Amino acid sequence: MTLAGDILQITALSLLVAGTSTLVATLIAVPIGTVLGLREVGSARLLRNILFTLYGLPPVLAGLLVFLLLSRAGPLGPLRLLYTPLGMVIAQVVIVTPIILGITMSVVSTVERRVKDTAFVLGADRYQLSITVLREAAAGVLTAIMVGFGRAISEVGAVFIVGGHIEGQTQVLTTTIITDVAQAEYGHAVALGVILLLLAAVIYSLLYRIQERTLP
Amino acid sequence: MSLEVSGLVKSFGAREVLRGIDLRIEPGEIFAIAGPSGAGKTTLLRCVDFLLRPETGSIRYDGATTPAEPAPAIALRRRIGMVAQNPLLFRGNAAYNVSFGLCIRDVDEPELSRRTADALKALGMSDLAATRASVLSAGEAQRVAFARAVVVRPDLLLLDEFTANLDPTNVNILEGAVREYNRSTGATVILVTHNMFQAKRLANRVALLLEGRIVEVGAVPEFFENPKDPRTRAFVTGEYAY
């Protein structure tokens, strides 16, 4: 494969893994975060504290846990997901979900009480009330997704352990930068670093535009 | 819709805000509840609209108490509309806000658009349909909130100091809209106000609420011209300092 083809493949896989894990984490975290954010009860507070702790979960530890789950002797070993992009997605979902969930829960719980009361007096049922609150919190939820994607695209430890950095199969931008530096391929590492930065800039500007539109 | 409130008590911590309210409001009337700030007027309305649960007492709607099952309870809630003093408008434009109640009742698109446009037109807001709620003036926002409450044609309309702090033009428009809604639908209206002039202009009957208790209930002429209770007289004549 040519150098350009090689870089293109690594970049595409980085986007695919980070994008898929952010999407899956969003689908899990936003509904749960909304429900928990609407309930100011003791159990929700306890869960919030646990989530805040998980914000600081070291990616290598998450990677190790997923590695043990997916390894041959692990409970999910028969699925043969270790050293595959899907395995990398699972590892990143573990890292990103608590972040999106925690921020969603916080922004939903800070939506004015009057929003809930207004929807209630206008005849909303429980589901319609949740959707209304989520709509009011849309800008904050989008921020949660942006933070989650940022964590996923820049993450290196977990994808290295679970993906194994196999050439042509599980190489992503961050793991390639690490190995390039180890092999004194500084020029290649810097080029990949610039690509990573540009990708982040393009994606964030797109999300920012969406966020601007959701603001009043 | 008729409303029968019996022995209603509501406290916040050690503070008893409603101390045994008894009221009967007939279908189709405009009933004003007057009283100074802190008398319990808003608390009473919030109990009627299920936003607060009283400790004791009951509220009967058309002779029936609140159903225990969620579906009939929502059906009852949807027969009641409310406009607050400082209404909250949802993110979006004026038309979105007005159509909210129709959306959640699954009203189909052509009817939804027609009724939203009619409601905005009735409040003189047609040209502001696409305007974002966040840039509306206080008077415009209150007109949108009123249109949002009545577009679903509630049988009972609760108005909580709904024109407080508005200029005379907006007060005029909104009071006209209340009269028209009451006349055209036969809906019952409960108006909470500390503005005795507004109570006199709009209501058929008035109750004075002081310190969580109903002091006197009467038809407008009798209440204002020949009050029985000295506290009502003091309130009506402006001698009552609050």
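Nothing in this text is a laboratory measurement; each read-out follows from the coordinates by a stated rule. Please read all numbers here as calculations on a predicted model, not as lab measurements. Virtual Cβ from ideal backbone geometry, glycine too; neighbours counted across all protein chains shown.
Observations
- Debye intensity ratio I(q)/I(0), log10, segment B:171-210, q values 0.14, 0.16, 0.25 Å⁻¹ (C-alpha model): -0.31, -0.40, -0.91
- Order by protection proxy (mean Cβ within 10 Å, highest first), peptides B:79-89, B:159-169: B:79-89, B:159-169
- Over all orientations, the protein assembly as shown has a Cα convex hull whose mean projected area works out to 28.5 square nanometres.
- Placing a label point 7 Å from the Cα of B:Ala138 along the Cα-to-Cβ direction, the residues of segment B:148-185 whose backbone N falls under 18 Å of that point are B:160-175.
- Hz values of 3J(HN,Hα) by residue in segment A:89-100 - Karplus curve (6.51, -1.76, 1.60), Gly and Pro given as x: 4, 4, 4, 6, 4, 4, 6, 7, 4, x, 5, 5
- Averaged over peptide B:85-94, the number of partner chain Cβ atoms lying within 10 Å of each residue's Cβ comes to 4.
- Taking every alpha-carbon pair under 8 Å whose residues sit at least 6 apart, segment A:139-216 reaches a relative contact order of 34 percent.
- Calculated on the Cα set of segment B:87-170, radius of gyration then Dmax: 12.2, 37 Å.
- Computed helical MRE - 222 nm, chain B, DSSP H runs ≥ 4 contributing -39500 (n - 2.57), nearest 500: -11500 deg cm²/dmol
- Within-14-Å neighbourhood charge of B:Ala129 [Cβ basis; K, R +1; D, E -1]: +3
- Cβ-placed point charges (K, R +1; D, E -1), dipole of chain B about Cα centre in debye, nearest 20: 240
- Under 19 Å of direct C-alpha separation, and excluding same-chain neighbours fewer than eight residues apart, B:Lys41 reaches these lysines: B:Lys10, B:Lys200.
- Kirkwood hydrodynamic radius of chain B, Cα pairs, Å: 18.5
- Whether segment B:67-210 is rounded, prolate or oblate, judged on the alpha carbon gyration tensor where a/c under 1.5 counts as rounded: oblate
- Legend: mean number of C-beta atoms from other chains within 10 angstrom of residue C-beta atoms, peptide A:114-121, equals 6.
- Neighbour counts of other Cβ atoms within 10 Å put B:Phe50, A:Phe67 in the fewest-to-most order B:Phe50, A:Phe67.
- Computed on segment A:54-149, with alpha-carbon pairs under 8 angstrom and 6+ residues apart, the relative contact order is 28 percent.
- Using bins of 5 Å that start at zero, the share of Cα-Cα pairs per bin across segment B:68-114 amounts to 5, 16, 22, 23, 20, 11, 3, 0, in whole %.
- Between the helical axis of A:42-55 and the longest alpha-carbon principal axis of chain A there is an angle of about 20 degrees.
- Over chain A, relative contact order from alpha-carbon pairs under 8 Å, at least 6 apart, %: 29
- Zone of B:Ser184's modelled label, taken as backbone nitrogen in segment B:96-123 under 13 Å from a point 7 Å along Cα→Cβ: B:115-123
- Rg over Rh, two decimals, segment A:1-121 (C-alpha only, Kirkwood Rh): 1.12
- The mean number of Cβ atoms from other chains found within 10 Å of a Cβ in peptide B:101-113 is 2, as a whole number.
- Sorted on the mean count of surrounding Cβ atoms within 10 Å across their residues, most packed first, peptides B:29-40, A:127-138, A:179-190 read B:29-40, A:127-138, A:179-190.
- All alpha carbon pair distances within segment A:3-214 were sorted into 5 Å bins beginning at 0; the resulting P(r) in whole percents reads 1, 8, 14, 16, 16, 14, 11, 8, 5, 3, 2, 1, 0, 0.
- Label zone of B:Leu52 (point 7 Å out along Cα→Cβ, amide N under 16 Å): in segment B:204-231 this covers B:209-214.
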